[in-house]
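Structure, as structure tokens:
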Amino acid sequence: MNVAILITVFNRLNKTIECFNSILQSFPVPPSFKYKIFLTDDGSTDGTSESIKSLFPNLNIEILKGNGQLYWNGGMNNSWLAAIKEGGFDGYLWLNNDSIILPNLWNEIIDAHQYSMDTFGQGGVYIGSTYNKELTGLSYGGFNFINRWTLKDQFVIPNGKYQNCQAGHGNITFISDNVVKNEGVFCDKYIHSGGDHDYTYLAFKHGFPVFILKEYVGICDNDHTEMDGSDFINLKFQERKKYLKSPLGYNLNNTLLFQKRCFPYRYFPVLIAGYAKLFFPRLYFNLIKFLRK
């Protein structure tokens, strides 16, 4: 198996070094396993590219340069397209640079691919589950939508067996080449987040096998927190507007794009909710609190 490992970074050098150390420590693997890392450095100012070249001379890495405005979605696509152009890969591993992979990852992927071929007659999407450093439970992985209107989701917890799911996070996720030939890469209209949920869900909808790996394969703290409702309410109107549009904030653009592509019946309700959050934040959060009871 020949795997392209896709990473994008912007600063966070220490996290990137931890991630690469974990890759280095995960080898050796079966002789038939080969890899190449495609790393997009999207304008880092902390010497990321130079440090990686110096510290990891034995890893097979191609370092690509971004324009500083790629964010996660664009940076991952930049790495992905370079790997596709080179060709010869059986699959592509999305890997966040704040993820520490466990030594079992490669064998888990090899076994999952064999299982997918034997069971479904084709490769699929194999989602790796991660846990928080403090062992406080699952942080990222595969999940199912359990309410078609609110899109409330529920994680699928690793239990030593392959478990199907509808979508997943892109922290440690393998995409088989046959899926890529049909689905392409991330939708380039996403700015920062959202592309991984979109891609995995549409792969599921289009009939490809989507399931989680049998065991946890990484450590990654879930540090994604939305601004508290009381804090948002106290922002000035222009500050609320900026937060709703920010790729690193609520990112209404990505939220609406996801609805349009995956759940079109939710587009207008989510659009209305987004502007209600902007113009009537107190009413919005009281309503959300009531609906989530």
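The values are calculated or read from the model by the stated rules, or taken from the named source; none is laboratory data. Computed from a predicted structure; not experimentally measured. Quick reminder, even Gly has a Cβ in these numbers, built from the backbone with ideal geometry, and neighbours come from all protein chains shown. The protein model used for the area step is the full one, side chains on, heavy atoms only, and it has no ligands, DNA or RNA in it. Shrake-Rupley method; radii C 1.70, N 1.55, O 1.52, S 1.80 Å.
Below are the figures for this structure:
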| quantity | calculated |
| --- | --- |
| From Phe232, Phe285, Phe268, residue being of a type in the set (Phe, Trp, Tyr), open to solvent by 90 Å² or more (accessible area, probe 1.4 Å) and part of a helix (DSSP H, G or I) | Phe268 |
| Residues of the range 78-89 classified as part of a helix (DSSP H, G or I) and open to solvent by 20 Å² or more (accessible area, probe 1.4 Å), total | 6 |
| Long-range neighbours under 8 Å by Cβ, at least six apart or interchain, first residue more than 15 Å from Gly75 (Cα to Cα) and part of a loop (DSSP other than H, G, I, E, B) within the range 94-110, second aromatic (Phe, Trp, Tyr) and open to solvent by 20 Å² or more (accessible area, probe 1.4 Å) | Leu102/Tyr216 |
| Residue match in the range 243-262 (condition: assigned to a helix (DSSP H, G or I), surrounded by fewer than 13 Cβ atoms within 10 Å (Cβ to Cβ) and of a type outside the set (Ser, Thr, Tyr)) | no |
| Single residue of the range 14-65 satisfying the filter (free of Cβ contacts under 8 Å to residues at least 40 places away in the same chain and among the acidic types (Asp, Glu)) that is nearest to Gly91 (Cα to Cα) | Glu62 |
| Options Gly141, Gly160, Gly168: the member that is of a type in the set (Gly, Ala, Ser), in contact (Cβ under 8 Å) with a residue 40 or more places away in the chain and surrounded by fewer than 17 Cβ atoms within 10 Å (Cβ to Cβ) | Gly160 |
| Subset tally (residues that are surrounded by 13 or more Cβ atoms within 10 Å (Cβ to Cβ) and more than 30 Å from Thr255 (Cα to Cα)) for the range 54-77 | 6 |
